[in-house]
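Everything on this sheet refers to the single structure shown next.
The values are calculated or read from the model by the stated rules, or taken from the named source; none is laboratory data. Please read all numbers here as calculations on a predicted model, not as lab measurements. In this analysis, Cβ positions are derived from the backbone assuming ideal geometry, glycine residues included, and neighbour counts consider all displayed protein chains. What goes into the accessible areas is simple: the full protein's heavy atoms, side chains included, and nothing from ligands, DNA or RNA. Shrake-Rupley method; radii C 1.70, N 1.55, O 1.52, S 1.80 Å.
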Amino acid sequence: SSSKLPYGVRAKNHPNILVRKLFAIAEAKKTNVTVSADVTTTKELLDLADQLGPYIAVLKTHIDILSDFSPETTTGLKHLAQKHNFLIFEDRKFIDIGNTVQKQYHGGALRISEWSHIINCAILPGEGIVQALTQTATADDFPYGNERGLLILAEMTSKGSLAKGEYTTRSVDYARRYKKFVMGFVCNRALTEEQSTETSKSEDEDFVVFTTGVNLASAGDALGQQYQTPQSAVARGADFIISGRGIYAAPDPVEAVKRYQEQGWNAYLERVGL
Ligand code: BMP
């Protein structure tokens, strides 16, 4: 399966231009780390992005937790993404009818389509949510064309998560149906062998796996979060490991991100046999 192939090979063959860019960044910077920058002021967010930028492939935001969000927040983020060569992933988890999510994604108060390369959605509403977001991002008048992608939230890390079974299988079905915009999944393992009666794996299929809940120092939190190490996440199929508090809440976040980078990268080299 594609998870045994080096990022560079996957970059070369991939039909999606944003995925090519993502793999190229990983290869160039030797990192598969996504930092989940869950801080609550613009200054903290931009400082973190500037400090950690050299060691990460992707910066994940929850833009609605900032107490002082303004256009300066996203101008700053875009500038730092260019300076350090990383992508931005707004973890908005769209979950509504198609007509609503189109307006939440493109335009609105947060203007997410303008600054976030990667977005995600849950498929609780059914296939229509993926269809609607794909329609917006592939329209002739959509200004950011090939530089945007969608991850389907196919599983969750929290205790008792209901994102399993048929929900997860359907996530794979919809990804296969809307490959033009869907670049992969947020999930806890490789889903490439997931098969339903409706869709089956195609030869050229190469979905990207982002895994959250990565932490070297803790097994979980008091609110149901469940952690694993970079090594175990990558061995189970993560192409990109997402860590929040393990990095930004460490005594020295730069020292911490370098540790996650090294461990995530070594686990990747081991998985692909390099
Ligand atoms: P932390 O590493 O501090 O536990 O943060 C995890 C991040 O990943 C949070 O931003 C959370 O919203 C997100 N996340 C998660 O923890 N589990 C999931 O299943 C999906 C997520 O997006």
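Data overview
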read-out: Qualifying residues in the stretch 60-86 (those that are within 21 Å of residue 150 (Cα to Cα) and in contact (Cβ under 8 Å) with a residue 40 or more places away in the chain) - the one nearest to the ligand (Cβ to nearest atom); value: 60
read-out: Every residue from the stretch 164-211 that is within 20 Å of residue 124 (Cα to Cα) and of a type in the set (Asp, Glu); value: 166, 173, 194, 198
read-out: Tally of residues being within 19 Å of residue 145 (Cβ to Cβ) and open to solvent by 10 Å² or more (accessible area, probe 1.4 Å) across the stretch 87-114; value: 5
read-out: From the options 222, 217, 235, residue that is free of Cβ contacts under 8 Å to residues at least 24 places away in the same chain and either surrounded by fewer than 18 Cβ atoms within 10 Å (Cβ to Cβ) or over 30 Å from residue 179 (Cα atoms) (or both); value: 222
read-out: Where residue 57 falls short, out of the listed (1) without any contact (Cβ under 8 Å) to a residue 40 or more places away in the chain; (2) open to solvent by less than 20 Å² (accessible area, probe 1.4 Å); value: (1)
read-out: Count of residues meeting criterion [crowded, with 19+ Cβ neighbours inside 10 Å and either over 20 Å from residue 164 (Cβ atoms) or among the hydroxyl-bearing types (Ser, Thr, Tyr) (or both)] in the stretch 175-214; value: 7
read-out: Among (1) within 28 Å of residue 269 (Cβ to Cβ); (2) assigned to a helix (DSSP H, G or I); (3) not charged (D, E, K, R), the one test that residue 34 misses; value: (2)
read-out: Condition check for residue 261: free of Cβ contacts under 8 Å to residues at least 40 places away in the same chain, more than 20 Å from residue 152 (Cα to Cα) and part of a helix (DSSP H, G or I); value: no
read-out: Tally, over the stretch 39-78, of residues that are outside any helix (DSSP H, G or I) and basic (Lys, Arg); value: 1
read-out: Every residue from the stretch 22-43 that is crowded, with 18+ Cβ neighbours inside 10 Å, over 25 Å from residue 204 (Cα atoms) and out of contact with any Gly (no Cβ under 8 Å at 6 or more places or on another chain); value: 29, 34, 39
read-out: Extreme residue, least open to solvent (accessible area, probe 1.4 Å), among residues of the stretch 4-21 that are closer than 11 Å to residue 205 by Cα and outside any loop (DSSP other than H, G, I, E, B); value: 10
read-out: Which numbered condition residue 271 fails, given (1) out of contact with any strand residue (DSSP E or B) (no Cβ under 8 Å at 6 or more places or on another chain); (2) outside any loop (DSSP other than H, G, I, E, B); (3) within 15 Å of the ligand (Cβ to nearest atom); value: (3)
